[in-house]
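Here's the structure, in structure tokens; my notes come after.
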Amino acid sequence: MARHENRDRDERDSEFVDKLVHINRVAKVVKGGRRFGFAALVVVGDQKGRVGFGHGKAREVPEAIRKATEAAKRTMIRVPLREGRTLHHDVEGRHGAGKVLLRAAPAGTGIIAGGPMRAVFETLGVQDVVAKSLGTSNPYNMVRATFAALTKEDSPRSVAARRGLKVSVLQSRRRDNNDEAASAAAEA
């Protein structure tokens, strides 16, 4: 019975991809020298629209990474993706001094993003995105700002449900507005 449960848990864990974003070494000065500790920042995702991040601290690096991975699996969020490859719309996110701008991109663009943000997109399963970090380069705040932006991401289906419309009506209104804006720009 116990073996069967372990196998199920291993299969569930194997569906996730984890990326180590940052390791920080801290020293505590004690009588007789320094004691070192390690803090790890890990991003975990299933490459199908679910992603989470975690922070773990321990005396040894592998233990810190293990703790961070477990924390990341507990705090996963679901992000709606367009065609399973990019975001539905452009979005900004902030956390502390970290500010990020995420933009949807056409097929073939790839992931254009800096270090910590790249790890989030790779584990999320996004293939085409353009991202820019406008604030701090602190990996913790960059990851948190990226997650703040991703939680604002909305799919047309959820917007239509919230407004009590059909998705096709919502999409046609969007096209009509784009056509009006284009004709106004052409006249000016």
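At-a-glance table
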{"quantity": "Residue in the range 40-50 that is at pLDDT 90 or above, basic (Lys, Arg) and open to solvent by 80 Å² or more (accessible area, probe 1.4 Å) present", "calculated": "no"}
{"quantity": "From Arg175, Arg157, residue being part of a helix (DSSP H, G or I), modelled with pLDDT under 90, open to solvent by 50 Å² or more (accessible area, probe 1.4 Å) and within 19 Å of Lys48 (Cβ to Cβ)", "calculated": "Arg157"}
{"quantity": "Any hit, the range 53-73, residues being in contact with a Gly (Cβ under 7 Å, 6 or more places away or on another chain), modelled with pLDDT under 90 and either open to solvent by 50 Å² or more (accessible area, probe 1.4 Å) or not acidic (Asp, Glu) (or both)", "calculated": "no"}
{"quantity": "Members of the range 122-133 that are within 13 Å of Leu101 (Cα to Cα) and either without any contact (Cβ under 8 Å) to a residue 12 or more places away in the chain or open to solvent by less than 40 Å² (accessible area, probe 1.4 Å) (or both)", "calculated": "Val129, Ala131, Ser133"}
{"quantity": "The range 71-98 residues that are part of a helix (DSSP H, G or I), paired with ones that are of a type in the set (Gly, Ala, Ser) and surrounded by 15 or more Cβ atoms within 10 Å (Cβ to Cβ) (beta carbon under 7 Å, 6 or more apart)", "calculated": "Ala71/Gly54; Ala71/Gly56; Ala72/Gly52; Ala72/Gly54; Lys73/Gly52"}
{"quantity": "Some residue of the range 48-67 being outside any strand (DSSP E or B) and in contact with an Asp or Glu (Cβ under 6 Å, 6 or more places away or on another chain)", "calculated": "no"}
{"quantity": "Filter result for the condition that a residue is of a type in the set (Ser, Thr, Tyr), in contact (Cβ under 8 Å) with a residue 24 or more places away in the chain and either assigned to a helix (DSSP H, G or I) or open to solvent by less than 20 Å² (accessible area, probe 1.4 Å) (or both), over Thr151, Thr136", "calculated": "Thr151"}
{"quantity": "Subset of the range 160-172 [in a helix (DSSP H, G or I), open to solvent by 50 Å² or more (accessible area, probe 1.4 Å) and not hydroxyl-bearing (Ser, Thr, Tyr)]", "calculated": "Ala161, Arg162, Arg163, Val167, Val169, Gln171"}
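The values are calculated or read from the model by the stated rules, or taken from the named source; none is laboratory data. Everything numeric in this text was worked out from a predicted model, so none of it was measured. Don't worry about glycine lacking a Cβ; one is built from the backbone with ideal geometry, like all the others, and counts go over all protein chains shown. Heads up: the accessible areas ignore ligands, DNA and RNA and are worked out on the full protein's heavy atoms, side chains in. Shrake-Rupley method; radii C 1.70, N 1.55, O 1.52, S 1.80 Å.
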